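Structure first, commentary second.
The values are calculated or read from the model by the stated rules, or taken from the named source; none is laboratory data. Everything quoted here is computed from the prediction, not taken from an experiment. As a convention, Cβ positions derive from the backbone with ideal geometry for all residues, glycine included, and neighbour counts pool all protein chains shown. Accessible surface is based on the protein model in full, side chains and every heavy atom, while ligands, DNA and RNA are left aside. Shrake-Rupley method; radii C 1.70, N 1.55, O 1.52, S 1.80 Å.
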Amino acid sequence: MKKIKITIFLIKLLILNNCSGYEPIFSKKNYDFSINEIEIIGDKSLGNKISDNLQAYKNKDNEKTLSLVINTGLKKDISSRDTKGNPKTFSIKITSEVKVINDEVEKLLKFTENTTYNNSSSKFELKKNESNIAEYLIEKISRNIINSLQTF
């Protein structure tokens, strides 16, 4: 029994020591671009949330400076209904078009994220759930924008 405990301890020790160099992918702050200006078109609330997520990359001292024009929209639909005709599930779709303007190039990038969710008997809970889902989708779009700007 002692040998098994010692073996398990040694295996855990080896595994934990091998993870010492772990670093999340998005934790590196040394991107080779800087965002000079962000203009919001469309849904101002969603556009401002994307802009807030991109603030860490704004006005840095990099050779490659980019200007962004962000056009964001939200579409909410009823996905299914119950036997009485009441909404059972909803779908929410956030679309964002980002025009990237550089000194030499102008490029249009399109990002779309969507999901479905169940209806709630409480309208307050439904609105809260919709808000949380929109925040999550905006976060995903922001990460996709950052990844695309790295390869621009």
Check your understanding: Any chance segment 125-145 includes a residue that's of a type in the set (A, V, I, L, M, F, W, C), closer than 20 Å to Ile40 by Cβ and in contact with a Phe, Trp or Tyr (Cβ under 7 Å, 6 or more places away or on another chain)?
Key -> yes
**Study point:** Count of segment 71-117 residues which are of a type in the set (Val, Ile, Thr) and under 30 Å from Ser34 (Cβ atoms)
**Key:** 8
Review point. Looking at (1) open to solvent by 30 Å² or more (accessible area, probe 1.4 Å); (2) under 18 Å from the mean Cα position of the chain (by Cα), can you tell me which one Leu149 breaks?
Key: (1)
Review point. Taking Ile78, is it closer than 30 Å to Leu126 by Cβ and either free of Cβ contacts under 8 Å to residues at least 40 places away in the same chain or charged (D, E, K, R) (or both)?
Key: yes
Review point. Hey, among Ser142, Ser120, Ser96, which residue is touching a residue at least 60 places away in the same chain (Cβ under 8 Å) and among the hydroxyl-bearing types (Ser, Thr, Tyr)?
Key: Ser142
**Study point:** Unmet requirement for Leu149, which otherwise passes all of (1) outside any helix (DSSP H, G or I); (2) hydrophobic (A, V, I, L, M, F, W, C); (3) touching a Leu at 6+ places or on another chain (Cβ under 9 Å)
**Key:** (1)
Point to revise | Test result for Ser67, within 16 Å of Thr116 (Cβ to Cβ) and small (Gly, Ala, Ser) | key: no
